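The values are calculated or read from the model by the stated rules, or taken from the named source; none is laboratory data. Bear in mind the structure is a predicted one, so any value in this text is a computation, not a measurement. Cβ: placed from backbone, ideal geometry, glycine included. Neighbour counts: every protein chain shown.
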Amino acid sequence: MEVKISMNENYINYFKSIIDQDRSSIVICNLKHEIVYMNPTAIKNYEKRGGEKLIGRSLLNCHNAESVKRIQEITFEAYKSSGRIAALLDQNTGPSEQLSEELERVAAQIEHGAIELRNLCARYQAPLPPVGQKPALEPLNIAGRAECNEFGWLHIQLNALLPNCRFASPLWITDTITRLLDRLERRNGKLPLLEEALLMIDEHCDIAARQVYDQDNKAWKAISNALKGRVVADDDQYSLGVCLLSRRSSEAECHIYVLPVQDAGDFFFLRSDQYPFSR
């Protein structure tokens, strides 16, 4: 019996032979996120997770298991760090470089864990409850909120203050702003993209509640990185002007505004007049 092989099959076999010989792990999935192919290198490298048996399984399940494992690791490391912090605080020596580093380390660990948890929450979000029943507070609402105010300016409120920039760029700021913008776009439609804009970062806090930083020592770059390509075309010096402000307040909040350059006068006039445009 003569078997005819189409030109398409020849191409598939040809490219498969190339991928089979590749020394890098190559995993191919279909549109349902199911693994349909693994080259020999991938099968060997993922042997502990099942190897060839992974073919046919959902890639999402693998990611979810990894996320849970990562959260457990982060939580355990944060627990160990908290013990070291407690020991340093018991010494009653006041602020120190060692204490500062331990606090920043555990904060970074928890921030990574929070991002992993957010991803799991998004994937396994239950249907909304029946009308009349209030759902639990959405985790994102705890972190902040975003809106387009009555002047057409983008306003983002973070319920925390910016850390010192001598540490690595805080992932939670970029992740939170990205998610807040995603939710705002789902509600109000695509946000306008400004070619030139002003970024106003206005921190509200009680001076006794935090160490006083120079403005240029605050980790504000994580904000502009999250906004780039979403609400402003670029964050170079000609596309985005940056203004760092502070105000004494009993609430610890960071208010972020993105507005057209020509609205700068209106912004400062309203701010000097204590206009509540960050309600």
note = Subset of segment 245-259, residues surrounded by fewer than 16 Cβ atoms within 10 Å (Cβ to Cβ) and in contact with a strand residue (DSSP E or B) (Cβ under 6 Å, 6 or more places away or on another chain), comes to L245, R247, S249, E251, A252
Residue match in segment 116-127 (condition: surrounded by fewer than 17 Cβ atoms within 10 Å (Cβ to Cβ), modelled with pLDDT under 70, farther than 25 Å from L162 by Cβ and among the hydroxyl-bearing types (S, T, Y)) = yes
task = Taking S82 as the residue in question, decide whether it is over 30 Å from N30 (Cβ atoms), surrounded by 12 or more Cβ atoms within 10 Å (Cβ to Cβ) and either modelled with pLDDT of 70 or more or assigned by TED's automatic domain parsing to the domain that holds I28 (or both).
result = yes
